[in-house]
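A quick write-up on the structure given underneath.
Taken together, the values in this text are just the output of simple stated rules run on the coordinates, not laboratory data. These numbers come from a predicted model, not from an experiment. Please note: Cβ atoms are built from the backbone with ideal geometry, for glycine as well, and neighbour counts cover all protein chains shown.
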Amino acid sequence: MAFNDMLDDLLKGVPDYTRFYTVNELDRRSEALAAKYPDAVELVDLGASRNGTPIRSLKIGSGEKVALMFGCPHPNEPIGAMMLDYISERLAADADLRRELDYTWYIIKCIDPDGTQLNEGWFAGPFNIETYVRNFYRPPGYQQVEWTFPIQYKTLDFNRPLPETQCLMKIIDNERPLFMYSLHNAGFGGAYWYITGAVPKLHGRFHELAKRHGIPLALGEPEVPYCEKFADAVFGLFGVKDTYDYYKEHSCMEDPSAMISGGSGSDEYALTVAGTFSLVCELPYYYDPRIEDMKPIDKSRRDSFLARLDASEEHWKYVGEMLARIEPELSRKDSPFYDAISDNLKHIPPSIQAERNWAFTAEEMARPATGAEDFDNMVIARFYNMLSIGMLLRLVRGELEAATAAGTARSGVLEKAEIELDEAVVRGCSELEKALSYKVVPIADLVRIQLGSGMLLAKHLLDS
């Protein structure tokens, strides 16, 4: 069977998932797969998370080249875990597929189990904005598996890899993968890809996959202004060195490393250590067709961009004031939500100023904004800002619940903050629902796009 036919068969076989699997379910399914196919699958112990959760990799196939794929590099991003669960079953069961994609596959379904469990409250739906906001968690940079690889660059000296990061380093250092797939996804927007270098023959194939499964391309503002664009919605992977140099040029801080919470990214590390070619396929849970509106509007891109920064600045001012209000009432400061919010308050406001400085000087900001860019700036940015309100609410509720469980008095300050934050979540999510005309993307379609993108690039690298 030709590869394209195999790929079509793979895509058609994706189940119609109705929810995301939990960490425990993923582990049990890996154990069952290794038991069912002992001649093709090995379960490799890599270490444990910070909370002591075992981290294991499926090892499938025996090709000379190595491929490493890992899910939940950020714990609010479980699409890739579902894709890895599916492709591991297909590889285990199909010797012809293993021969066609002749790698030794290392597949880690969930690299951040502790953080992922803090997101499981929305994994079974209902899949709407408020459920996501109320159950969302994302760690600070220095606790993100993806961004805690060791690096020394100018004044940046980071050498505190998390135990989870060390599990990835073990495979990268020892196995030197040809192909690596870090399974990220966005929350809201459209489809876009990051790759180590341009592969023109695949850019259009990526686009076709998204179109075939009903997802628009993300044609608004890129995540960062300094990534290289290869094609619509296809960008070059960027690393902490690029971030450092950007802050050096545009921030007001003397030492750019003070604005960086973590270290190097997985792709930057793997490229340096092993010459690995990496892929990231970012997909949304929700999309609005305005994300691909390329018509110019009666507003400059600069004015649209600066309006977003003004709103974000006001948002983070409120978050800072709320944290200052509740902080004296917190009995302990080891909450993951406290860590995340505190770190964001340290690093996001100066990064907003750096973006502002860039926007004032970048020539490309003078042209009219597209509808997609303005939609990104004026609506989607509000969605992402709401996530920190949700984490603040979880921080406060956790403290109140702990007091109730211990039989101690509940703080009146925290009770008032809970009411205010709960109302802010209801109001903010309601406003977003009115401002958006969004569709919830079926999990199966998200899996198919990530699966197809990864298998296309994995095959291309084998044949190159």
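Per-residue extension of 0.36 nm, minus the Cα-Cα distance of Met294 and Asp334, leaves a gain of 9.9 nm for this segment.
What does the charge dipole of the stretch 207-332 about its Cα centre add up to, to the nearest 20 debye, if the Cβ of each Lys and Arg holds +1 and the Cβ of each Asp and Glu holds -1?
Working: 14 positive and 24 negative charges, 61 e Å.
It works out to roughly 300 debye.
Distant-in-sequence amide contacts of Glu282, defined by a placed amide H-H separation under 5 Å and a gap of 5 or more residues or a different chain, comprise Tyr192, Trp193, Tyr194.
Peptides 115-127, 280-292: what's the order by average Cβ count within 10 Å, highest mean first?
Working: 115-127: 18.6, 280-292: 23.2.
Going from most to least packed, we get 280-292, 115-127.
In this structure, Arg29 and Asp94 have a Cβ-Cβ separation that, at R0 = 22 Å, corresponds to a calculated FRET efficiency of about 0.80.
With Cα atoms defining each centre, the stretch 361-388 and the stretch 160-177 are spaced 36 Å apart in the structure.
Ignoring aspartates and glutamates fewer than eight residues from Lys299 along the same chain, the ones with Cα atoms less than 19 angstrom from its Cα are Glu221, Asp310, Glu355, Glu363, Glu364, Glu373, Asp374, Asp376. Taking trypsin sites (Lys or Arg not before Pro) across the stretch 211-287, none is in a DSSP loop with at most 12 further Cβ atoms lying within 10 angstrom of its Cβ. Out of Ser312, Ala362, Pro336, whose Cα points farthest toward the positive end of the dipole of the stretch 284-362 (charges: +1 Lys, Arg; -1 Asp, Glu; placed on Cβ)? Farthest towards the positive end: Ala362. Here the Karplus curve 6.51 cos²θ - 1.76 cosθ + 1.60, taken at θ = phi - 60°, turns the phi angles of the stretch 101-115 into couplings of 9, 7, 10, 8, 8, 9, 10, 10, 5, 9, 8, 10, x, 5, x Hz, with x standing for Gly and Pro.
Rounded to the nearest 500, the 222 nm mean residue ellipticity of the chain from helices alone is -16000 deg cm²/dmol, with -39,500 (n - 2.57) taken per DSSP H run of at least 4 residues. Converting phi to 3J(HN,Hα) with the Karplus coefficients 6.51, -1.76 and 1.60 and the offset θ = phi - 60°, the stretch 345-362 yields 5, 6, 10, 6, x, x, 6, 4, 5, 5, 5, 5, 4, 5, 5, 5, 10, 6 Hz in sequence order, with x at every glycine or proline. Provide Rg over Rh for the chain; use the alpha carbon set for both Rg and the Kirkwood Rh (inverse mean inverse pair distance). That ratio is 0.95, to two decimals. Label point of Ser257 set 7 angstrom out along Cα-Cβ; within the stretch 130-159, amide nitrogens under 14 Å from it belong to 150-159.
Using a 10 Å cut-off on Cβ atoms, rank the peptides 259-266, 2-9 from the highest mean neighbour count down. Provide the component values of the computation, followed by the final result.
On the way: 259-266: 24.0, 2-9: 13.5.
Descending mean neighbour count gives 259-266, 2-9.
Which value in Å does the Kirkwood hydrodynamic radius of the stretch 97-250 take, with 1/r averaged over all unlike C-alpha pairs and then inverted? All intermediate terms of the calculation are to be shown ahead of the outcome.
Values: mean 1/r = 0.0543 Å⁻¹.
Every distinct Cα pair counted, the radius reaches 18.4 Å.
Dipole size of the chain about its Cα centre, with +1 on Lys/Arg Cβ and -1 on Asp/Glu Cβ: approximately 300 debye, rounded to the nearest 20. For the pair Thr404 and Ala307, a Förster radius of 60 Å applied to the C-beta separation gives a FRET efficiency near 0.90, rounded to the nearest 0.05.
Counting DSSP beta bridges with both partners in the stretch 1-160, what percentage is antiparallel, nearest 5?
Values: 13 of 19 bridges.
Percentage antiparallel, nearest 5: 70.
Considering only beta bridges that DSSP places wholly inside the chain, some 55 percent are antiparallel.
Listed by chain and number, the aspartates and glutamates placed with their C-alpha closer than 16 angstrom to that of Lys12 are Asp85, Glu89, Asp94, Glu208, Asp445; residues fewer than eight positions away on the same chain are left out.
Amide H to amide H distances under 5 Å link Gly263 with Thr148, Phe149, where only residues 5 or more positions off or on other chains count and H is placed in the peptide plane.
Using the Karplus relation 6.51 cos²θ - 1.76 cosθ + 1.60 with θ = phi - 60°, the per-residue 3J(HN,Hα) values for the stretch 257-274 come to 5, 5, 8, 10, 7, x, x, 7, x, 4, 5, 5, 5, 5, 5, 5, 7, 10 Hz, with x marking Gly and Pro.
Averaged over residues, the count of other Cβ atoms within 10 Å places the peptides 169-177, 182-190, 361-369 in the sequence 182-190, 169-177, 361-369, highest first. Rounded to the nearest 20 debye, the dipole magnitude of the stretch 295-437 is 100 debye, with +1 charges on Lys and Arg beta carbons, -1 on Asp and Glu beta carbons, and the Cα centre as origin. Each label point was placed 7 Å from the Cα along the Cα-to-Cβ direction; for Gln152 and Asp102 their separation is 4.1 nm. The value of relative contact order for the stretch 295-437, using C-alpha pairs under 8 Å at least six residues apart, is 38 percent. For Tyr103, nonlocal amide neighbours, meaning residues 5 or more places apart or on other chains whose placed amide H falls under 5 Å from its own, are Gly63.
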